[in-house]
Amino acid sequence: MAQVTSENIRKFVGQAAAAYGDAWKAQAEYYEGLLRRNTKAWTELADARIESFKEMRESRTFNQAFEANLAFEEKVREELVALQEDNTRSWESLVENLKAIYTPASAAPTAKPPVKKTAKAKPPARKTAKAKAPARKTAKAKAPARKTAKAKPPARKTAKAKTAPEAKKAA
């Protein structure tokens, strides 16, 4: 444990300020590059769209116009994939820079001696929430019929239970 002295505090604050400054620079560079790449890509796509409209207007048949539009769509696909790849690489670079800035020198990964493997009994696996939850029923699985209390239908009158007026009508 380091001693808390004015010199150590001053050193810590100086290191933190330098790290924050470096992180700010790295993030600012990332966002400036992101803005530059996106603006360039969208400008090129807008210009390509205008050109495709001109080609469609000048085409003599529907097929020519359709092909001009397909060419534009293919260009859009290619440009957006390239833009995404560039932005992903830039993001990964930013993350690595920030890790390097904020990882203290003493916490940097060092070579660890190989760990000897011993034959120990594995502890029982923990049950996750997914394992504990009952299986969901899908549309294909039939749900069991529910038993509900059915109301009894009214009793039917038999020939023996006919009343006198009904007997006269039946005769």
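Every number here is computed from the coordinates shown, using simple stated rules; none is lab data. Predicted model, so just to flag it, every value in this text is computed and none were measured. Neighbour counts are summed over all protein chains in view; Cβ atoms, including those assigned to glycine, are modelled from backbone coordinates with ideal geometry.
When only alpha carbons of the stretch 11-105 are considered, Rg and Dmax amount to 21.4, 75 Å.
You can think of it this way: the chain between residue 101 and residue 16 has 29.6 nm of extra reach, that is 0.36 nm per residue less the Cα-Cα gap.
Only Cα pairs under 8 Å and 6+ residues apart enter the sum, and on that basis the relative contact order of the stretch 11-105 stands at 43 percent.
Counting other C-beta atoms within 10 Å, which of 103, 61 has the fewest, and how do the rest follow? Ascending number of Cβ neighbours within 10 Å: 61, 103. Other residues lying with their Cβ under 13 Å from the Cβ of residue 101 contribute a combined charge of -1, Lys and Arg counting +1, Asp and Glu -1.
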